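None of the figures in this text is laboratory data; all of them are computed from the coordinates on show. Since the model is a prediction, treat every value here as computed from it, not as a measurement. Backbone-built Cβ (ideal geometry, glycine too); neighbour counts: all protein chains shown.
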Amino acid sequence: MQVSRFYKYSAREAADRASHRASLRGDNKRALTFLIWKWSGRSVSWISCSVPRGAACTLLRNPSSTPLNVNFFIASGASTGADPLSEGRSRRPRLHHSRASAADREPAWNDEKEEEDFDFEKQLFIISPEAKFKVDRWEREEGGGGITCVLQDGRVFEKAGVNISVVSGVLPPQAVQQMRTRGKKLESAELPFFAAGVSAVIHPRNPMVPTIHFNYRYFEVKDKNGVQWWFGGGTDLTPYYLNEEDAKHFHGTLKQACDEHDPSYYAKFKKWCDDYFSIPHRGERRGVGGIFFDDVDYPSQEKAFNFVTSCAEAVIPSYIPLVKKHKDAAYGYYERQWQLLRRGRYVEFNLIYDRGTKFGLYTPNARYESILMSLPLNAKWEYMHTPKPDSPEEKLMKVLKEPKDWVPLFAEAKC
């Protein structure tokens, strides 16, 4: 087996590119199944991956001491596209090594396990953690602080970030003007403020898993006429390939959370979400929406807080089932490229239109790393790209240009 070298790519991305090269050669008539062997410290894990015949799946390993050297490990599989383990688990895959020079090897290589040291029946599909959250605790000189947690290059999540902030200070004139454009009656040029919020963005690795974003916050300012307070936030879904069952489940779960407090909330906040997450210069929405609201200061502070709490608690049941459903779905090079193009649109919205991003950038001595946490790890732009007619990509674009009402569909599915 010929192993191509891929630098600075994850296992899945390397497989995508190997698959693409094979398809360019026309060598895609029969599929091969590979089991990729990965070292994580002293433990071992496996990833099952089907690619066109002739493509070499690779998994790079960059030692921290010699980051430019790449080591590949491949366990080759069967010849007909079937999982080699399904035809008899007693057959063990052959192990192929391609290492850096002996001078560059780390001490960890001295006691590595051999093929016969593993019980393939029990250990084959035990997946070792590939990435952990980096926890960054920070403080603002003007007042307050927060915690930013970011995971990068995970097996399921390419990038995931959670940000908690409780800050105070004085609003600059740009931020005050932005609030006035929303109808806030603020007389002072600079206002003392207090803000607390939690937000998260998850960009999955598999293009069949949608991206999710949520943000829930409390804000108050002290003006000449006293203290004004309000809540804001929302949850929205950004798929790369449209799965209507996913959209029904997601919107239905959010509607249930809204209906606990006011039956009119969901329809109002769903439309607000569709209008807010719009990319005018593209003539499309960022995703299939969800709910979004701001300036909620009714019916009372306690009831508004309870409503926001219910919305936040609906995030996990609305999204995690979608992750479990699609995280191991098959995809190839072209699906990955489409995912990166759509992430480019995500970047465009966040940097040009998102109020939260602009407010953060206007705030003196802001935590710019935390503000830009929502951006994906990878994105791309192509000049005048247009999906092919009747393709899955075009199917998604139709919904992004003309948002659908998913709740009736959700109700029908429940009946």
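Tabulated data for the structure shown
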{"quantity": "Under-5 Å amide H pairs with Gly169, H placed in peptide plane, nonlocal only", "calculated": "Phe193"}
{"quantity": "Burial ranking of peptide ranges 139-148, 232-241 (average Cβ count within 10 Å, highest at the top)", "calculated": "232-241, 139-148"}
{"quantity": "Charged-residue dipole, Cβ positions (Lys, Arg, Asp, Glu), region 256-415 about Cα centre, Debye nearest 20", "calculated": "580 debye"}
{"quantity": "Neighbourhood charge, 10 Å Cβ-Cβ cut-off, centred on Cys258 and excluding it, Lys, Arg +1 and Asp, Glu -1", "calculated": "0"}
{"quantity": "Within region 326-412, GluC sites (Glu not before Pro) in DSSP loop having at most 11 other beta-carbon neighbours inside 10 Å", "calculated": "Glu382"}
{"quantity": "Environment charge at Val167 (Cβ cut-off 13 Å; Lys +1, Arg +1, Asp -1, Glu -1)", "calculated": "-1"}
{"quantity": "Positive-end residue of Ile202, Val296, Phe250, charge dipole of region 134-414 with Cβ unit charges", "calculated": "Ile202"}
{"quantity": "Entries of Lys324/Lys388; Lys134/Lys255; Lys222/Lys270; Lys185/Lys404; Lys184/Lys358; Lys222/Lys358 with Cα pairs more than 25 Å apart", "calculated": "Lys324/Lys388; Lys134/Lys255; Lys222/Lys270; Lys185/Lys404"}
{"quantity": "Approximate shape of region 134-414 as ellipsoid semi-axes (Cα gyration tensor, √5λ), whole Å, largest first", "calculated": "32, 22, 18"}
{"quantity": "Where labels lie 7 Å past Cα in the beta-carbon direction, separation of Arg282 and Asn365 in nm", "calculated": "3.6 nm"}
{"quantity": "Phi-based couplings in Hz for region 312-323 (Karplus 6.51, -1.76, 1.60; Gly and Pro marked x)", "calculated": "5, 5, 7, 4, 5, x, 7, 10, 4, x, 6, 5"}
{"quantity": "Ordering of 372-379, 285-292 by packing [mean C-beta count within 10 Å, highest first]", "calculated": "285-292, 372-379"}
{"quantity": "Relative packing of peptides 254-261, 383-390 - highest average C-beta neighbours within 10 Å first", "calculated": "254-261, 383-390"}
{"quantity": "Three-way shape label, region 203-330, alpha-carbon gyration tensor, a/c 1.5", "calculated": "prolate"}
{"quantity": "Extension reserve of the Tyr298-Glu313 stretch, reckoned as 0.36 nm per residue once the Cα distance is removed", "calculated": "3.4 nm"}
{"quantity": "Lys401/Glu141 FRET efficiency (R0 45 Å; Cβ-Cβ; nearest 0.05)", "calculated": "0.50"}
{"quantity": "Trypsin sites (Lys or Arg not before Pro) within region 162-253, DSSP loop, no more than 11 other Cβ atoms inside 10 Å", "calculated": "Arg182, Lys185, Lys224"}
